[in-house]
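J.: Sharing a structure here in structure tokens format.
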Amino acid sequence: MNLPAQLLTGEWLWLANFIFALFLYSAARSAPWRTLLDNAVMVNALVGLVFGAFIFWQFNVGIRPGFNFHILGSTLFMLMFGWQIATVSITLVMLATWLRMDAGFITLGINGLLMVALPVLFSEWLLRFSKRHLPKNLFLFVLWNGFFCSMLTIVLNVTATTLLLLLLSRHTWGEIQHYYLVASPILMFTEGFVTGMMITAFVVFQPQAVMNFSDEEYLAGK
């Protein structure tokens with residue numbers, strides 16, 4: 001959900017901008033850019049997915065001002081390129097969307113924390129959990145990391161946004177339920193379907209484009 005500036009006070013928005021700027025700087029500085037640039041297939045996939053994500057972000061559904069919904073793509077980008085490049089890429093998508101919408105740039109931080117930082121880091125944690133505790137095979141990689149993890153990131157995003165609205169905005173619980181939470185199951189399953197479909201296609205037809213997948217680890221000897 002794209003939070004407009006009028007929902008929160010300026011102090012909270014500037015604090016969110018500062019925190020998100022630090023997070024973005026850390027991601028950009030530690031990103032494996034050389035690994036990306038040495039892999040032409042991965043570069044092509046990144047460019048295509050950034051444009052695709054920008055288009056998907058324009059297809060948002062709004063019930064009333066401040067309550068609109070769109071696919072995030074955070075889990076897909078994290079699986080494809082790692083959390084650092086995913087952070088930078090989705091931030092670029094968000095910035096391009098703000099420019100097209102002529103939205104207030106003061107809200108980049110709070111929306112970046114909710115729609116970029118939180119889901120990307122959560123997806124990274126779920127990936128590490130699966131590598132430590134789940135059998136390594138193609139089916140589980142796609143089903144768990146693609147379908148279920150992307151749906152769980154939407155649950156986390158919706159939960160965090162709901163708490164933020166309750167604590168810092170003038171919206172009541174009844175308004176949030178009626179205008180926001182009612183649409184979250186549809187968004188959750190859509191995110192899971194699109195992410196699962198895309199990561200399945202990449203690991204089957206272009207596995208060299210997926211930074212967090214290797215044939216040796218998930219297919220050899222299976």
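The values are calculated or read from the model by the stated rules, or taken from the named source; none is laboratory data. All figures in this text were calculated on a predicted structure; none of them were measured in a lab. Every residue, glycine as well, gets a Cβ built from its backbone with ideal geometry; the counts of neighbours run over all protein chains shown. Just the protein is used for accessible areas: all its heavy atoms, side chains included, with ligands, DNA and RNA removed. Shrake-Rupley method; radii C 1.70, N 1.55, O 1.52, S 1.80 Å.
J.: Based on what the data block shows, is Leu166 surrounded by fewer than 19 Cβ atoms within 10 Å (Cβ to Cβ), at pLDDT below 90 and within 30 Å of Phe18 (Cβ to Cβ)?
T.: The answer is yes for Leu166.
J.: Something else about it: Looking only at residues in segment 1-30 that are closer than 20 Å to Thr153 by Cβ and either of a type in the set (Lys, Arg) or open to solvent by less than 30 Å² (accessible area, probe 1.4 Å) (or both), which one is modelled with the lowest pLDDT?
T.: Met1
J.: Between a first residue in segment 113-137 that is under 27 Å from Trp14 (Cα atoms) and a second residue that is of a type in the set (Gly, Ala, Ser), which pairs have beta carbons less than 7 Å apart while being 6 or more apart in sequence or on different chains?
T.: So the pair list comes out as Leu113/Ala16; Leu114/Ala160; Val116/Ser74; Leu118/Ala160; Pro119/Ser74; Val120/Ser74; Val120/Ala86; Ser123/Ser74.
J.: Restricting attention to segment 79-107, which residues are at pLDDT below 90 and open to solvent by 10 Å² or more (accessible area, probe 1.4 Å)?
T.: Leu99, Arg100, Met101, Asp102, Ala103, Gly104, Phe105, Ile106
J.: Working only within segment 88-127, note down all residues that are among the hydroxyl-bearing types (Ser, Thr, Tyr) and either more than 22 Å from Trp144 (Cβ to Cβ) or in contact with a His (Cβ under 7 Å, 6 or more places away or on another chain) (or both).
T.: Ser89, Thr91, Thr97, Thr107
J.: Separate question: Within the bounds of segment 146-160, is there any residue that is in contact with a Lys or Arg (Cβ under 6 Å, 6 or more places away or on another chain) and either without any contact (Cβ under 8 Å) to a residue 24 or more places away in the chain or in a helix (DSSP H, G or I) (or both)?
T.: No, that holds for no residue.
J.: Another one. Select, from Phe193, Phe141, Phe213, the only residue that is of a type outside the set (A, V, I, L, M) and open to solvent by 70 Å² or more (accessible area, probe 1.4 Å).
T.: Phe193
J.: Give, as residue ranges, the helices (runs of 4 or more DSSP H) completely inside segment 171-219 that count at least 3 residues that are farther than 15 Å from Leu138 by Cα and out of contact with any His (no Cβ under 7 Å at 6 or more places or on another chain).
T.: Qualifying helices (runs of 4 or more DSSP H): 173-179, 184-205.
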